[in-house]
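Let me begin by presenting the structure, written as structure tokens, before commenting on it.
The values are calculated or read from the model by the stated rules, or taken from the named source; none is laboratory data. On a predicted model such as this, the values are computed, not experimentally measured, just so you know. Here the Cβ positions follow ideal geometry from the backbone for every residue, glycine too, while neighbour counts run over all protein chains shown. Heavy atoms of the whole protein, side chains included, go into the accessibility calculation; ligands, DNA and RNA do not. Shrake-Rupley method; radii C 1.70, N 1.55, O 1.52, S 1.80 Å.
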Amino acid sequence: MSNKIVEVIVGHSFTLLPPGRDDQHTHRWTIFVKPANKDYDDFPDTKLIQKVKFDIHKTFAQPTRWVHKPPFQITETGFASFSAVVTIHLNIPNEKPRAIPYELTLYTGQSGENEVVQKLPVMTDHIRPEYLELIKKYRPKKRKASMAYGSSNDEKSPHSKRALSPIKEEKERKKRPRIEEREDRRDDRKNDRKEDRKEDRKDDRKKEKEKKHHRDSRERSRDRSKESRETETRETKDSRDKGLKEKDKELKEKEPKEKEPKESPEELTKKLNECEDPRVIYKAGLYLLEHLPDVQLDLKTQKLSYDLTKGSADDLMEIARILRKSK
């Protein structure tokens with residue numbers, strides 16, 4: 001992938017108008033697009049530039065103006081400087097229009113001109129050879145290249161002491177294409193290096209994106225592992241709690257068997273009747289009156305009539321406990 005540089009001049013000229021005009025305009029100005037090569041006053045055709053759009057100040061009639069053939073310029077009168085936009089449509093396939101901001105400045109002198117060389121890079125991989133020739137044709141010549149050999153073909157140059165002989169002039173003329181070719185190769189290498197740097201930056205962005213993706217994947221994996229561990233911990237805790245509950249249930253089921261009275265109701269009745277400890281008899285009587293059904297007290301004899309066979313296992317164990325205290 002390589003580029004070539006199309007060089008054009010975007011500029012303007014102006015002259016001072018006589019005073020006292022009704023519209024108060026002070027200058028006549030012309031904004032233009034010309035070849036950068038000074039050997040050409042203007043483009044002779046539209047082979048290189050198809051058309052030019054001039055966007056001038058909105059106070060003018062028709063602030064957007066199109067010029068479809070050379071000379072690519074418009075002329076107006078005015079009284080103040082303003083910012084314009086010059087859009088160049090190259091007659092090269094697949095090349096987009098180039099919008100160039102331009103400051104049209106009016107000075108106080110009688111006349112003047114201002115020019116700016118604009119370098120427009122174009123892709124040269126798939127364009128026809130005639131376009132490459134046009135790009136070379138309108139590019140400015142390199143004066144420094146011939147001066148590097150100790151001479152110049154320009155009589156006005158301060159470096160030239162005398163005009164070249166026809167033989168030397170012919171040699172210089174033959175050298176010039178080789179010099180231009182070397183300059184073209186140097187420009188191509190420079191553009192190739194720019195493209196390589198662009199590719200490197202693109203690769204760096206791609207690698208950074210991949211690293212970010214890997215970091216995000218690792219973080220998601222850590223989150224899933226943490227969540228899995230937490231789930232496993234909850235399940236283990238639930239399982240442990242369930243085991244403890246089952247164990248407690250088993251213990252509770254065993255408790256009634258352990259609490260079964262060792263003595264029968266008949267044996268306890270006999271012991272209670274034979275007991276002579278008044279405190280034990282009093283406590284046993286209170287318990288029987290509160291917990292056993294059909295217990296009756298004979299007020300004359302102060303004796304209880306009861307049936308321990310109607311009591312529960314807990315009642316029998318409590319009576320046995322009260323009787324043990326009499327010992």
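Below are the figures for this structure:
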read-out: Residue within the range 79-93 that is open to solvent by 60 Å² or more (accessible area, probe 1.4 Å), out of contact with any strand residue (DSSP E or B) (no Cβ under 7 Å at 6 or more places or on another chain), at pLDDT below 95 and of a type in the set (Gly, Ala, Ser) present; value: no
read-out: Filter pass, Lys38 being closer than 15 Å to Ile9 by Cβ and part of a strand (DSSP E or B); value: no
read-out: Residues located in the range 293-319, provided they are surrounded by fewer than 18 Cβ atoms within 10 Å (Cβ to Cβ), in contact with a helix residue (DSSP H, G or I) (Cβ under 6 Å, 6 or more places away or on another chain) and assigned to a helix (DSSP H, G or I); value: Thr309
read-out: Condition broken by Asn3, with the remaining ones in (1) over 29 Å from Lys194 (Cα atoms); (2) out of contact with any Gly (no Cβ under 8 Å at 6 or more places or on another chain) satisfied; value: (1)
read-out: Single residue of the range 294-305 satisfying the filter (out of contact with any strand residue (DSSP E or B) (no Cβ under 8 Å at 6 or more places or on another chain) and of a type outside the set (Val, Ile, Thr)) that is nearest to Lys283 (Cα to Cα); value: Gln302
read-out: From the options Glu290, Glu274, residue that is open to solvent by 100 Å² or more (accessible area, probe 1.4 Å), under 20 Å from Lys262 (Cα atoms) and over 60 Å from the mean Cα position of the chain (by Cα); value: Glu274
read-out: Failed criterion for Pro97 (all others in (1) modelled with pLDDT of 90 or more; (2) open to solvent by 100 Å² or more (accessible area, probe 1.4 Å) hold); value: (2)
read-out: Boolean, Asp241 is modelled with pLDDT of 80 or more, open to solvent by less than 100 Å² (accessible area, probe 1.4 Å) and within 30 Å of Thr124 (Cα to Cα); value: no
read-out: Residue list for the range 106-132, filter: outside any loop (DSSP other than H, G, I, E, B), open to solvent by 70 Å² or more (accessible area, probe 1.4 Å) and modelled with pLDDT under 90; value: Met123, Pro129, Glu130
read-out: Residue that is modelled with the lowest pLDDT, among those in the range 4-45 that are over 12 Å from Glu76 (Cα atoms) and among the basic types (Lys, Arg); value: Lys4
